[in-house]
Amino acid sequence: MQSFRAFRIHQEAGKIVSRIETIGLNDLAEGEVVVKVRYSTINYKDALAATGAGKILRRYPLVGGIDLAGEVVSSSDSQFQPGQKVLVTGSELSETRDGGYAEYARLKSDAVVPIPAGLDEFQAMAIGTAGYTAALAVHRMEQNGQQPDGGEVVVTGATGGVGSIAVDMLAARGYSVVAVTGKQASIDYLQRLGATRVLLRDQINTGSRPLEEAQFAGAIDNVGGELLTWLTRTVKFWGNIACIGLAASPELKTTVMPFILRGVNLLGINSVYTPRPLRLQVWQRLATDLKPRHLDSIVTRTIPFEQLPGAFDGYLQAGVTGRTVVRIAG
């Protein structure tokens with residue numbers, strides 16, 4: 001731990017500059033738990049942070065990477081022991097705290113989650129923030145009355161990490177899943193994950209009335225903008241829309257009518273600040289009844305740490321299908 005590699009994001013002369021460099025433990029943010037990182041992932045948020053395409057970091061420099069899985073090296077908190085396998089997702093990594101793109105991480109103990117039985121370190125990162133967010137959406141929708149016999153559930157941005165895992169999870173739980181994508185070449189991929197129907201984005205008539213024909217029992221939306229507006233118009237009585245992302249737009253132009261006339265519920269899903277008891281509960285479900293069945297298909301590439309700097313542009317250009325796992329250490 002005297003020196004190790006880290007992918008750090010700097011602000012230099014008003015520009016974002018990212019690179020792999022050698023640092024020491026004292027260069028990391030304070031924390032009770034030191035982890036030798038085995039795997040991390042790439043999420044859309046990581047691409048925004050590393051390239052400066054989105055204002056994610058709130059202080060500089062920081063180690064990038066909102067996810068990590070590895071082995072505890074040392075801990076001043078008695079609930080964690082050396083050798084224990086753990087994971088961290090969100091929890092302000094690569095925002096205000098150093099993240100998972102380093103051979104070692106120093107972490108606040110309340111962010112660290114023991115990897116539950118049924119998952120290993122690689123699988124934990126194959127799921128990562130994307131899968132955790134999808135699971136949190138399903139969990140909250142079901143807490144709010146969503147059931148498979150209610151009808152079709154839509155997943156937008158379905159070829160991304162969150163979308164792919166959401167399709168897989170919902171199908172495994174007996175839901176009839178409608179996947180929305182702009183990629184015609186991905187129809188077979190989505191059907192293999194369990195989608196019963198695939199809608200191409202450019203073939204959707206989003207309508208213009210405050211309420212259109214009620215078609216869907218619920219939705220998980222990753223894109224925002226016009227498609228989220230369309231979902232508010234077309235979800236049935238008492239349906240749930242889990243709002244996760246803004247890949248298309250942060251805007252939502254709607255009226256109160258879906259909410260007061262159909263009782264539609266718009267559920268905001270925040271994976272960063274989840275209360276710890278809920279975070280532990282969702283990860284337990286990810287190792288059991290919500291464990292994705294098709295991780296081998298969803299993880300479309302595993303790259304070594306050295307390739308990380310060149311791996312972000314595809315996310316900004318919507319050119320990536322599924323999940324990317326980053327091998328930090330052997």
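Residues that are of a type outside the set (A, V, I, L, M), at least 3 per element: which strands (runs of 3 or more DSSP E) completely within segment 258-330 meet that? Can you show your working first?
On the way: elements: 265-268, 299-304, 323-327.
Qualifying strands (runs of 3 or more DSSP E): 299-304, 323-327.
Can you tell me which residues in segment 109-134 are over 16 Å from the mean Cα position of the chain (by Cα) and surrounded by fewer than 17 Cβ atoms within 10 Å (Cβ to Cβ)?
Ser109, Asp110, Pro114, Ala117, Gly118, Asp120
Based on this model, can you work out whether Pro61 counts as open to solvent by 20 Å² or more (accessible area, probe 1.4 Å), at pLDDT 95 or above, within 30 Å of Pro250 (Cα to Cα) and not polar (S, T, N, Q)?
Against the criterion (open to solvent by 20 Å² or more (accessible area, probe 1.4 Å), at pLDDT 95 or above, within 30 Å of Pro250 (Cα to Cα) and not polar (S, T, N, Q)), Pro61 qualifies.
Report yes if some residue within segment 300-308 is under 25 Å from Val154 (Cα atoms), at pLDDT 95 or above and not small (Gly, Ala, Ser); otherwise report no.
no
Can you tell me which residues in segment 282-294 are over 14 Å from Ala137 (Cβ atoms) and either polar (S, T, N, Q) or open to solvent by less than 20 Å² (accessible area, probe 1.4 Å) (or both)?
Across segment 282-294, the qualifying residues are Trp283, Gln284, Ala287, Thr288.
Could you pull out the residue among Gly70, Gly31 that is buried (at least 19 other Cβ atoms within 10 Å of the Cβ), touching a Leu at 6+ places or on another chain (Cβ under 6 Å) and modelled with pLDDT of 95 or more?
Unique residue meeting the criteria: Gly31.
All but one of (1) in a loop (DSSP other than H, G, I, E, B); (2) out of contact with any strand residue (DSSP E or B) (no Cβ under 9 Å at 6 or more places or on another chain) hold for Gly157; state the number of the condition that does not hold.
(2)
Pick from Lys15, Lys45: which is open to solvent by 50 Å² or more (accessible area, probe 1.4 Å), under 17 Å from Gly161 (Cβ atoms) and at pLDDT below 95?
Lys45
Please list, ordered by residue number, the strands (runs of 3 or more DSSP E) wholly in segment 164-221 having 1 or more residues that are farther than 19 Å from Glu251 by Cβ and aromatic (Phe, Trp, Tyr).
Hits in segment 164-221: 216-221.
All but one of (1) over 19 Å from the mean Cα position of the chain (by Cα); (2) surrounded by fewer than 23 Cβ atoms within 10 Å (Cβ to Cβ) hold for Leu231; state the number of the condition that does not hold.
Of (1) over 19 Å from the mean Cα position of the chain (by Cα); (2) surrounded by fewer than 23 Cβ atoms within 10 Å (Cβ to Cβ), only one is false for Leu231: (2).
Just to be sure before I move on: is Arg192 closer than 28 Å to Ala47 by Cβ, open to solvent by 20 Å² or more (accessible area, probe 1.4 Å) and of a type in the set (Lys, Arg) in the structure I sent?
So Arg192 passes the test.
Which condition from (1) modelled with pLDDT of 95 or more; (2) buried (at least 18 other Cβ atoms within 10 Å of the Cβ); (3) within 19 Å of the chain's Cα centre (by Cα) is the one that Pro258 breaks?
Unmet for Pro258, out of (1) modelled with pLDDT of 95 or more; (2) buried (at least 18 other Cβ atoms within 10 Å of the Cβ); (3) within 19 Å of the chain's Cα centre (by Cα): (3).
Out of the residues in segment 76-106 that are assigned to a strand (DSSP E or B) and under 26 Å from Ile298 (Cβ atoms), which is most open to solvent (accessible area, probe 1.4 Å)?
Per the criteria, the residue is Lys85.
Taking Ile303, is it touching a Cys at 6+ places or on another chain (Cβ under 9 Å) and either open to solvent by less than 30 Å² (accessible area, probe 1.4 Å) or within 21 Å of Ala166 (Cα to Cα) (or both)?
The answer is no for Ile303.
Looking at (1) in contact with a helix residue (DSSP H, G or I) (Cβ under 6 Å, 6 or more places away or on another chain); (2) among the acidic types (Asp, Glu); (3) assigned to a helix (DSSP H, G or I), which is the only condition Glu251 fails?
(3)
Could you tell me whether Ala126 is out of contact with any Leu (no Cβ under 9 Å at 6 or more places or on another chain), over 19 Å from Phe237 (Cβ atoms) and not polar (S, T, N, Q)? Explain how you work it out, then say what you get.
Numbers: out of contact with any Leu (no Cβ under 9 Å at 6 or more places or on another chain): no; over 19 Å from Phe237 (Cβ atoms): yes; not polar (S, T, N, Q): yes.
So Ala126 fails the test.
When you scan segment 196-210, how many residues do you find that are surrounded by 13 or more Cβ atoms within 10 Å (Cβ to Cβ) and either among the aromatic types (Phe, Trp, Tyr) or more than 27 Å from the chain's Cα centre (by Cα) (or both)?
2
State whether one or more residues within segment 161-180 are under 20 Å from the mean Cα position of the chain (by Cα), open to solvent by 40 Å² or more (accessible area, probe 1.4 Å) and either among the β-branched types (Val, Ile, Thr) or within 30 Å of Val88 (Cβ to Cβ) (or both).
The answer is yes, given that some residue of segment 161-180 is under 20 Å from the mean Cα position of the chain (by Cα), open to solvent by 40 Å² or more (accessible area, probe 1.4 Å) and either among the β-branched types (Val, Ile, Thr) or within 30 Å of Val88 (Cβ to Cβ) (or both).
For segment 233-248, enumerate the residues that are in a strand (DSSP E or B) and more than 21 Å from Lys45 (Cα to Cα).
Scanning segment 233-248 gives Val235, Lys236, Phe237, Trp238, Gly239, Asn240, Ile241.
The values are calculated or read from the model by the stated rules, or taken from the named source; none is laboratory data. As the structure is a prediction and not an experimental result, all values here were calculated from the model. Don't worry about glycine lacking a Cβ; one is built from the backbone with ideal geometry, like all the others, and counts go over all protein chains shown. Ligands, DNA and RNA are excluded from the accessible area calculation, which covers all protein heavy atoms including side chains. Shrake-Rupley method; radii C 1.70, N 1.55, O 1.52, S 1.80 Å.
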